Amino acid sequence: MLNLAGAEHAATATLPAAFSDLLPHFQVEPEDEYIVKNKPVTLTCRSTPATQIYFKCNGEWVHQDDHLIERTVDPATDPFVAIMLQSSSISVTIMDDSVMQR
């Protein structure tokens, strides 16, 4: 239920049941990893529908240029209603006692 209130009038609208189908569903979530110096680990996330997936590393957001991003159409959906599937991954390594991403 969505309540839209204005200064002079109020309106109430009901969201369609299919609206929840538009929210992202994670198919693959990043796993917790232990990082060993000079040995990178890869974190992967897959979601549908999704337009962006972001990673946070050492408390900071990783720039999109550092992500390996793959966008495809979800094969489980109707071909006439293309639902985008996004998969993103980053490689993280420790060098000189600080966390770096590549």
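Read the figures in this text as sums done on the coordinates, not as results from a lab. The structure displayed is predicted, hence computed values, not measured ones. Positions of Cβ are generated from backbone atoms using ideal geometry, with glycine treated the same way; all protein chains shown enter the neighbour counts.
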Given 0.36 nm per residue, what is the gain on full extension from Asp32 to Cys57 after removing their alpha carbon distance, in nm? 7.8 nm
The answer for the net charge of residues other than Ser88 whose Cβ lies under 9 angstrom from its Cβ, with Lys and Arg +1 and Asp and Glu -1, is 0
Could the peptides 30-36, 52-58, 84-90 be put in order, highest first, of the mean number of other beta-carbon atoms found within 10 Å of their residues? 84-90, 52-58, 30-36
